[in-house]
Each structure stands twice: as C-alpha cells, then as structure tokens.
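See below for the structure under consideration.
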Amino acid sequence: MPERLDHFMSRAVAAYYAARDPFGARGDFTTAPEISQAFGECLGLWAAVAWQAMGRPDPVLLVELGPGRGTLMADALRAIAQVMPGFRAALRLHLVEQSPLLRAAQARALADAAPLWHDRVEDLPPGPALILANEFLDALPIRQFVRRGDTWRERFVENGAFTECPAEAAPPLPEDAPEGAIQEVSEAARAVAAHLGARLLAQGGAALFLDYGPANRGFGESLQALSAHGAVDPLADPGRADLTAHVDFQAVAEAATAAGAAAQGPVPQGIFLQSLGLVTRAAMLARAAPASAGMQLSAAQRLIAPEGMGRLFKALALCHPALPTLPGFETA
C-alpha cells in the first residue's frame, strides 16, 4: 500500500537513529561539531551574549535539539564556563533527543552538566530559553508535490519507488508552477518554528538553527540519503541510511514570525562563523598544538569556505522581538 513520503521518512529516520551512532569517520556522515571544537565553542559564546541581551535571567534553559553525541554542547559549556561563569551557573541543560543510544552517549559526554532529556520540543519546561540546533531541521519529514497540468499531485512511496496520488489535505501551493515542478513542504519544521515562536514571545529567549538549504523558497527535489559517507537511494532499505532534505528557511522564519517571534537571517554559515571569531579560535588552537595545526586550520576552512559548508549551510535566529541584533546577524 502506498505510504505518504513524510510518513515514510518519519518512520525511516526514527528507526535509523534508534539503532546506531551515525557520526564520524566510522559512521555515515560528519557534522560541524565533529569537525572542529571551535564550532561548539563559538555557539556557546553566542548563547552567552544572547543571555546578556536577555537581561541575564537566572535560571535559564540552555537547550539543544538533536544533540548527537553531545560534542557540540560539551564544547559550548567549556567555553561558557571559561568566559562567562555567571551564565554557566544560571543555565539548566535540556536535550531534545529520542534515541536511547544517543542519549547514552550524551550522558557520558555531559555528565557534569546534569542534563534532562525530552522527546519533543513541546515537552520542554517553561521559562526563558536559549536553544541551539545544528542539523536538526534537515532530518524532519517532508511532503513532495508534483505539478501535473493545472493541479498538484503528491508523492507516495510504494515498493521502493515513488508513485503519485491525489494531493489531499495539501498546504497552500503556488498556482504558477511549471509542469513537473516539485514543491517540498516540511509541516514538521513549520510546526517546530511556530511552537518556538509562540514560546519565545511569551517567555523570552532565542533559538539558533544551523542547517543546509536555500535562503529563499523554490522548486526542486532535495531528498537524499547517506551511508558510509556516500550517497544511496533514499527509498531503498528504510532505516539503514541517513535520510535528509534541504531546509526551507523562509518557511521556518514565516512560521515563527506569524506566532509573534522575530527572525534574524538566514545568513551563510561561513559569514556567521567568521563573525563569531571561529577563524581566530582555530588559529589559537593551532598555536597551542603545533602537531595538529594543519588539521585545525583545514577544519575551520571546511566550515567557512563557500566551496565547503560556508555557503550551502545557513544560520537563522528566532527570538523575542525586543532583543537586539544577535551576534553574526549584523549584515543580515
């Protein structure tokens, strides 16, 4: 029986993360925190500056969505403790993670921080919050719609291949799409953004998303799968490969602002990280450990270079509308 693509993707992603640690050279892909410790350190200091702009609330929730092995947060907390101990004392660490295997890895990496875990963003306790999310939105399920004549049809999955069915209960779709155009919609990402927008307006704080995709919505297919760092068929063998799609940053920002929050960005990740001082921090790490200096500098270059992750990846902040321009978004 045909299965709607977002249902297929949700099922496949849940099974995938429940069964494995996919990060690093021995896994299926490598994320920015695994590439350079400077990445997590810079994000921790971003949160510290945002905390100051919020008026230094105590206590304050520091949240990570999809924390992986806990690498990003461990680096962030180390930098926060060194540079702004008042923020370190005030924060209460919360992690949104469903995978028992990854929760165990996070518990080992963050034992000193006494984290609390939640299955969903909606399960977080009330209070002002600073939220970090690196490559979280790209794993949320998408629907795909295909323009056929004067109507839209929706992609379903059957026997490892796409089939098209009538688009029932579809979100608003453009009327001027050319024949064969594909429109991707992540209702899950919009729901997260809407929830956070309402929360940030009511309780204060900011959320920082770093992920990949275009700054403005367009047509096209971006569903992809990785296994052992190589591309594979996303519809074959669900649950055995990392399944992702480009983030519609425009839709995320629109959902959050409709709920009352402000949006800053998106800006290219390379520009954002350079503004936060990632290159300077990488140079410091290189001087402190000459034997690994080349690795430190090449890692930083990979994160910021346009031909690396610097252009395709973007940074987007959602925040209470009273907050000033946050670090890294001065040119947005």
*Along the principal axes of its C-alpha atoms, what lengths does the range 166-253 span, in descending order and rounded to whole Å?*
43, 38, 24
*Only loop residues by DSSP count here, and only those with at most 10 other Cβ atoms within 10 Å; note down the chymotrypsin sites (Phe, Trp or Tyr not before Pro) in the range 4-58 that meet that.*
none
*Expressed as a fraction of 2.2 N^0.38 Å, the rule-of-thumb size for a compact globular protein of N residues, what is the C-alpha radius of gyration of the range 1-157?*
1.22
_Need one number: % antiparallel among DSSP beta bridges in the chain, to the nearest 5._
65
*Extent of the range 277-327 along each principal axis, from alpha carbon coordinates, in Å, largest to smallest?*
46, 24, 10
*Neighbour net charge for residue 183 - beta-carbon separation under 14 angstrom, K R +1, D E -1*: -3
*Taking a temperature of 25 °C and a viscosity of 0.890 mPa s, what whole-number D in µm²/s does Stokes-Einstein yield for the range 1-58 with Rh from Kirkwood over alpha carbon pairs?*
165
*Want the number for residue 119 to residue 173: 0.36 nm per residue separation, take away the alpha-carbon distance, what's left?*
16.4 nm
*asked:* Under 37 °C and 0.692 mPa s, how fast does the range 65-187 diffuse according to Stokes-Einstein, given a Kirkwood radius computed over C-alpha pairs? Answer in µm²/s, whole number.
replied: 184
*Hey, could you grab the Kirkwood Rh for the range 219-316? Inverse mean 1/r over distinct alpha carbon pairs, Å, one decimal.*
16.1
_Calculated diffusion of the range 138-183, Stokes-Einstein form, Kirkwood radius summed over Cα pairs, 4 °C and 1.567 mPa s, µm²/s_ = 114
*Sorting 168, 184 on the 10 Å Cβ count, fewest up front, what's the list?*
168, 184
_Test of understanding: ordering 221, 97, 41 by Cβ neighbours within 10 Å, fewest first, what list do you get?_
221, 97, 41
*Label-to-label distance, nm, for residues given as residue 161 and residue 236 (7 Å Cα→Cβ offset)*: 1.4
*Dimensions (Å) - the range 115-206, Cα atoms, principal axes, largest first*: 49, 31, 22
*Loop only per DSSP, at most 15 neighbouring Cβ atoms within 10 Å: give me the trypsin sites (Lys or Arg not before Pro) in the range 1-98, ordered by residue number.*
26
*Tell me, what does the Kirkwood hydrodynamic radius of the range 163-216 come to in angstroms if you use every pair of distinct C-alpha atoms?*
14.4
*Convex hull (Cα only) mean projected area of the chain, reported in nm² to one decimal*: 16.9
_Highest-fluctuation residue, 262, 293, 225 considered, GNM on the chain with Cα pairs under 10 Å_ = 293
*Roughly what would the spin-label model give for residue 283 and residue 297, points 7 Å off Cα along C-beta, in nm?*
1.0
*10 Å-binned pair-distance histogram of the range 138-287 (Cα, whole percent)*: 10, 30, 32, 21, 6, 1, 0
_For the range 55-102, compute Rg over Rh where Rg is the Cα radius of gyration and Rh is the Kirkwood radius from the inverse mean 1/r over Cα pairs._
1.02
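Quick note: the coordinates plus some simple rules give every number you see, no bench work behind them. Quantities reported herein were computed from a predicted structural model and do not represent experimental measurements. In this analysis, Cβ positions are derived from the backbone assuming ideal geometry, glycine residues included, and neighbour counts consider all displayed protein chains.
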